[in-house]
1. Could you tell me how many of the residues in the stretch 1-34 are modelled with pLDDT of 85 or more and under 15 Å from the mean Cα position of the chain (by Cα)?
2. Just to be sure I understand the filter: pairs with C-beta atoms under 9 Å, separated by 6 or more residues or on different chains, first member in the stretch 36-49 and free of Cβ contacts under 8 Å to residues at least 12 places away in the same chain, second member among the aliphatic types (A, V, I, L, M) and not in a helix (DSSP H, G or I). Which pairs pass?
3. Pairs needed: first member in the stretch 13-35, part of a helix (DSSP H, G or I); second member anywhere, among the small types (Gly, Ala, Ser); C-beta distance under 8 Å; at least 6 residues apart or different chains.
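The values are calculated or read from the model by the stated rules, or taken from the named source; none is laboratory data. On a predicted model such as this, the values are computed, not experimentally measured, just so you know. As a convention, Cβ positions derive from the backbone with ideal geometry for all residues, glycine included, and neighbour counts pool all protein chains shown.
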Amino acid sequence: MDLLDLTFGLPFLPIRGLIRLAELIQEQVEIETRSPAAVRRQLEELEEAKLSGEITEEEEAEAVSRILERMTARPDLPGTAVPGGGGEEG
């Protein structure tokens, strides 16, 4: 049975490798964008941009909001944020 699995599974090994590589890249991106050090660095860059006049206060507030939403988003549900993180108030 192992020889049969190997015979039929061999053509799919490159595809499985590519899928695993994509999963590893996605995990690394999530780690880097959600780490406290990365978030702090992004917030500091925004503050420097505001102080140098590159962006307005409104633009800074919007960017801070996006960064914090991205940081607090649930990783198991892509594209969703924590309830109450924006939208209609009821």
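1. Qualifying residue count for the region: 8.
2. Ala49/Ile55
3. Cβ pairs passing all conditions: Glu32/Ala38.
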